[in-house]
Number of protein chains: 2
Amino acid sequence: MGNISKATLQRYPIYLKALRKLSKEGVKRVLSSELSEYVNIKSTTIRRDFSLMGQFGKQGYGYDVDELISIFAKELGEDYDEKMILIGVGRLGTAILNYNNWDYVAGEIVCAFDIQPDKRNKEPKVNVPVYHIDQLKEKIPQGCEIAILCIPSGAQEIVNQLHELGVKGIVNFTREHFILPEGMIKKDVDVVSTIQELVFEVNSIHK
Amino acid sequence: MGNISKATLQRYPIYLKALRKLSKEGVKRVLSSELSEYVNIKSTTIRRDFSLMGQFGKQGYGYDVDELISIFAKELGEDYDEKMILIGVGRLGTAILNYNNWDYVAGEIVCAFDIQPDKRNKEPKVNVPVYHIDQLKEKIPQGCEIAILCIPSGAQEIVNQLHELGVKGIVNFTREHFILPEGMIKKDVDVVSTIQELVFEVNSIHK
DNA sequence: TGAAGATTATTAAATAATTCACAAATACGG
DNA sequence: CCGTATTTGTGAATTATTTAATAATCTTCA
């Protein structure tokens, strides 16, 4: 499945989200043209994207919503059951730990790390064990491949450690720059950059 | 400036972030090849991206870091001074309001809205006035074009209201689906989808 | 001050992504 | 159970983006 384009890959979670919403509303079948209106992606792009994973549409009929969901979920990692860790249990880290829509995600956050584990463990809203960051090596779950980084500074050193411990992917909320070790993948979630992009677009379109 | 490609546009904030870091470290000039290593983008792509905004590199010398910063900052909206609003002052909303790296962003969050404004206003960490969501029309700042959406549900109605009030761009933290009114721009910040993407990539590359 | 070396800017080529156009397959009403 | 209306799946065409190649320009040091 390594031949699916980057662009397509980024749309899969969008489709899955939309399909789940439709399913919840009781929709049993959907046309690529309907889905198109729903997610603002051209129907022909949708059909091509879908066809890359197999042929599960029916001409003259459309797609079966629940079938699509189960295929997507499988492909997108529902069955992977990743054991993830979170590093940095500040306000943002806590918000993520408490996120109430974790259903159907690729796995779960098993534990967290912080420089003040005692304090964090006392917080009523933190529902996984928090260990000291120095215990990373001892406490990281077997086979953990994904880490969520919510620390304000010192990212580079931690990323290097994670790399040595076999972590392959990082969801990065840090604004600090760090060099990504060979073979790792990083996804930035950056509110500031997102706002900048948006402002830029809004202003270049409307002015 | 409407002819700058989408792909390029998404890289501008990355450049700006990196350049600021370099500047803080005392770096006065930078080569596209150096920056390339720093941000993991091919140097030739960087030069092309830069050249779209004008010619401010010098052959045989490179780019002046501070000059680049001031140009980028201007283009990316530093001078726009957007008055932004935030809707939904839960854990995530609060985390955003308290974000400690707001320096240099395109504007500021002027006020927030919630269904429990009294409760939210009492929170020590909330540093802007919080109004009831029903007062949106009265309290929205003059010329506000950007809204940050952190509510768990009911997005569609609010988006429609925002549209009528002249808001043009939405930073969307909601996982709920909504139809984007004509002319509006939306940027999704979705941790769950991001993790799914990452898991998918990690698993398709390493297996 | 001039020549060598370095680095950008830009034209052209290659690659990636989207969209068109239509054949193939299916649904469905009569 | 046939014929028509739909709708998918996919080759071909188009458009967008990245990369390579190189011409133009600047720095720097003797």
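Throughout, read-outs are computed from the coordinates displayed, never taken from laboratory work. Here the structure is a predicted model, which is why all the values come from computation and not from measurement. Glycine also receives a Cβ, built like all others from the backbone with ideal geometry; neighbour counts cover every protein chain displayed.
For q values of 0.13, 0.17 Å⁻¹, compute log₁₀ I(q)/I(0) with the Debye formula on a Cα-only model of chain A, without solvent. After summing over all Cα pairs, the log10 values are -0.88, -1.20. Considering helices alone, the calculated mean residue ellipticity of the protein assembly as shown at 222 nm is -13000 deg cm²/dmol, with DSSP H runs of length four and up weighted by -39500 (n - 2.57) and normalised per residue. Taking 0.36 nm per residue of sequence separation and removing the Cα-Cα distance, the A:LEU31/A:LYS119 pair yields an extension gain of 26.5 nm.
Pull out a ≥ b ≥ c, the square roots of the eigenvalues of the alpha-carbon gyration tensor of the range A:6-75, then state rounded if a/c is under 1.5, prolate if not and a/b is larger than b/c, and oblate in the remaining case. Cα axes put the range A:6-75 in the rounded bin.
Of the residues B:ALA7, B:ILE115, B:VAL199, the one whose Cα sits farthest towards the positive end of the charge dipole of chain B is B:VAL199 (charges of +1 on Lys and Arg Cβ, -1 on Asp and Glu Cβ, taken about the Cα centre). The Cα center of the range B:1-78 and the Cα center of the range A:167-207 differ in position by 15 Å. Classify the protein assembly as shown as rounded, prolate or oblate, taking a ≥ b ≥ c as the square roots of the eigenvalues of its Cα gyration tensor: rounded when a/c is under 1.5, otherwise prolate if a/b is larger than b/c and oblate if not. Rounded.
Here is how far apart the B:LYS6 label points are across copies: 1.4 nm, shortest first, using a point 7 Å from Cα toward Cβ. From the label point of B:TYR99, set 7 Å from Cα along Cα→Cβ, how far away are the matching label points in the other copies, in nm, ordered shortest to longest? Those separations, rounded to one decimal, come out as 1.6 nm.
Spacing of the modelled spin labels on A:SER153 and A:ILE179, each 7 Å from Cα toward Cβ, amounts to 2.1 nm.
Label-to-label distances for B:GLU123 across copies, nearest first, come out at 1.2 nm, using points 7 Å from Cα in the beta-carbon direction.
Calculated FRET efficiency, B:THR45 to B:LEU165, Cβ-Cβ distance, R0 = 45 Å: about 0.70 to the nearest 0.05. Less than 5 angstrom separates the built amide H of A:ILE140 from none of the residues sequence-distant by 5 or more or on a different chain. The label-point distance for B:GLU67 and A:LYS24, in a model that sets each label 7 Å from Cα toward Cβ, rounds to 5.3 nm.
Within the range A:1-91, the trypsin sites (Lys or Arg not before Pro) that combine a DSSP coil assignment with at most 15 other C-beta atoms in a 10 angstrom radius are A:LYS28, A:LYS42.
Each residue of the range A:34-49 was assigned a 3J(HN,Hα) from its phi angle through the Karplus expression (A = 6.51, B = -1.76, C = 1.60, θ = phi - 60°), giving 5, 4, 4, 5, 5, 10, 6, 10, 4, 4, 5, 5, 4, 4, 5, 4 Hz with x at Gly and Pro.
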